[in-house]
Amino acid sequence: MSSIYEWGFEWRHTSFLLFLLAVSGISPGPTPMPDARTSRRRTIERKGSVLDPHRPGEAGYSLTRLPRLYIITDRREVRGCREAREVANEEHLKILGRGVRAWNEWRRENIYEMPDLYGADLRGLDLTYIHLMRANLGECDLTGANLRKSFLVGAFMHGMILVDSNLEGADMRGCHLSEAKLAGAKMAGAVLNKALAIGVDFSGCDMESVMMLGTNLENSDFTGAVMTDVDLTDANLSGIITEGVKGYRFRKV
């Protein structure tokens, strides 16, 4: 049995696996020599949130125990993941096609399944209140999409296109947003605490009252962004571009 399968879902994207390992707070350390018969694996027990089943269609959620994730450490298995096709799970796309309510109900009933929408074309969709916690959204195109009040905690969003999208009030704590394009997005009231957002294009965004406590914003571009009442406590601001920013005064280092 392949060691990259558990509970019926497939990890197709090596970066996604490494991201999950990173947010768990566990350092992989030196990679052990692969055993001839079995691969060495590290078990990580994670806790997180899921939508409250008593409030369908809303962004309410309560704590629950999430599955044990088996993260591979065998170099040969990692190489195999890199060579895997990086495409979205067709079944997950079909469920999403039924609408947000159907998707959220599926998430409540399948809390151990990790949604894989990698590279999907979701331009212009209305995804208000959608539950995408820890989903693989790498390279997705959500240009002009409505993600208001969406739940994106811990989601893998590397390289996403969110140009002119609506992320107002979105919960994006701990997400992996590096290299994403959010030019012109509406983000008022969004929460990105502890997110990894290196090299993100925030140019022209409305970021009023956005919370970015402890967020890594290294080399991100905020040109022309509206940043009134933004909270950047303990954020990494090295190398950021702030030309034409409105409502926030950055201290020169």
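FYI, it's all coordinate maths here, none of it is from the lab. Treat the numbers as computed from the prediction; the structure is a model and nothing was measured. Glycine also receives a Cβ, built like all others from the backbone with ideal geometry; neighbour counts cover every protein chain displayed.
Assorted remarks:
- Order of Ile130, Ile198 under a 10 Å beta carbon neighbour criterion, fewest first: Ile198, Ile130
- For the range 105-232, the convex hull spanned by the alpha carbon atoms encloses 77 Å³ per residue.
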